[in-house]
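Before any comments, here is the structure.
The values are calculated or read from the model by the stated rules, or taken from the named source; none is laboratory data. This one's a predicted model, so the numbers in the text were calculated from it and none came from an experiment. As a convention, Cβ positions derive from the backbone with ideal geometry for all residues, glycine included, and neighbour counts pool all protein chains shown.
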Amino acid sequence: MSIKSNLQAVLNALPKGTTLVAVSKTKSIAEIMEAYDAGQRHFGENRIQEMVEKQPRLPDDIKWHMIGHLQRNKVRHMAGFVHLVHGVDRLKTLKEINKRAKSHDRVIHCLLQAKIAEEESKFGMSFEEIEQLLRSEAYKNLHNIKIDGLMGMATFTDDTEQIDQEFGRLRAFYKKLKTDYPELNTLSMGMSGDYKIALENGSNMVRIGSAIFGSRG
Ligand SMILES: *Cc1c(COP(=O)(O)O)cnc(C)c1O
């Protein structure tokens, strides 16, 4: 199977209006170009350093997504070009992104990462913390960031029932938030192993690596 045919198979499984973020972490420039040449434009990386190294070596019209946990001291390196930051899990990080976006005269779009998995290791905010952040004066004063929605990762398990429940909880919370914040438009859920369950639960942005590029070894 080639990257191109894998990409096509994934695209065929996505409803209209779903954004596919091709997760290219650890993959080479040549591999990324194969997906680019097949028409893919959104790419995701989980380390700022790796994204910053790849970005100048690839076409300018790629939309770069930072999907990993954020090290605040590295935010400035991507502030000039990043398209969407998925992994924001605290106000302090949002303030740093705002500051660096301002110095580039940009508005950087962000998603708040919600913790829906049972694993302790997964990052993210509780639903209550998310509501508090959105209500806070501190957030309202940040004019160079825009929160577009939520990102979540389900527990790594074969139990599809559990994954379905976790995505379902996030979908319900997102819907509830949208009544107060109708400008929200993005629910980023689903990876290679669970994106079909995520789509059934209303995801409109999936982050898929190995199903396109093969395993990361
Ligand atoms: C690596 C990664 C993905 C993609 O994982 P695959 O299983 O290879 O599709 C999605 N989201 C995040 C946050 C990741 O770190």
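Of everything in the range 117-140 that is of a type in the set (S, T, Y) and modelled with pLDDT of 95 or more, the residue that is surrounded by the most Cβ atoms within 10 Å (Cβ to Cβ) is Y139.
Within the range 15-27, the set of residues being within 14 Å of the ligand (Cβ to nearest atom) and surrounded by fewer than 19 Cβ atoms within 10 Å (Cβ to Cβ) comprises T19, K25, T26.
Exactly one residue among L91, L111 is within 16 Å of the ligand (Cβ to nearest atom), of a type in the set (A, V, I, L, M, F, W, C) and either more than 20 Å from L187 (Cβ to Cβ) or touching a His at 6+ places or on another chain (Cβ under 6 Å) (or both), and that residue is L111.
Residues in the range 28-51 that are of a type outside the set (K, R), within 22 Å of Q113 (Cα to Cα) and either surrounded by 16 or more Cβ atoms within 10 Å (Cβ to Cβ) or in contact with a Gly (Cβ under 6 Å, 6 or more places away or on another chain) (or both): 7 in all. Quick one: would you say K63 is out of contact with any His (no Cβ under 7 Å at 6 or more places or on another chain), among the basic types (K, R) and more than 15 Å from the ligand (Cβ to nearest atom)? It is false that K63 is out of contact with any His (no Cβ under 7 Å at 6 or more places or on another chain), among the basic types (K, R) and more than 15 Å from the ligand (Cβ to nearest atom). Summed over the range 195-212, the residues that are assigned to a loop (DSSP other than H, G, I, E, B) and more than 14 Å from the ligand (Cβ to nearest atom) give a count of 3.
When the range 158-194 is filtered for residues that are within 16 Å of the ligand (Cβ to nearest atom), without any contact (Cβ under 8 Å) to a residue 60 or more places away in the chain and not small (G, A, S), the ones remaining, listed by number, are D158, T160, I163, E166, F167, L170, L187, M189, D194. In the set V75, V85, only one residue is buried (at least 19 other Cβ atoms within 10 Å of the Cβ), within 17 Å of the chain's Cα centre (by Cα) and more than 16 Å from the ligand (Cβ to nearest atom); that residue is V75. Going by what's in this entry, would I197 be described as in contact with a Phe, Trp or Tyr (Cβ under 8 Å, 6 or more places away or on another chain), among the β-branched types (V, I, T) and farther than 25 Å from D37 by Cβ? Yes: the conditions hold for I197. Residues that are among the small types (G, A, S) and under 15 Å from T186 (Cα atoms) within the range 114-160 comprise A114, G149, G152, listed in sequence order.
T155 fulfils the conditions (1) more than 24 Å from L7 (Cα to Cα); (2) within 16 Å of the ligand (Cβ to nearest atom); (3) in a loop (DSSP other than H, G, I, E, B); (4) under 15 Å from the mean Cα position of the chain (by Cα) except for a single criterion, (4). If you go through the range 116-149 and keep only what is under 14 Å from the mean Cα position of the chain (by Cα) and either within 13 Å of the ligand (Cβ to nearest atom) or touching a residue at least 60 places away in the same chain (Cβ under 8 Å) (or both), you end up with F123, G124, D148.
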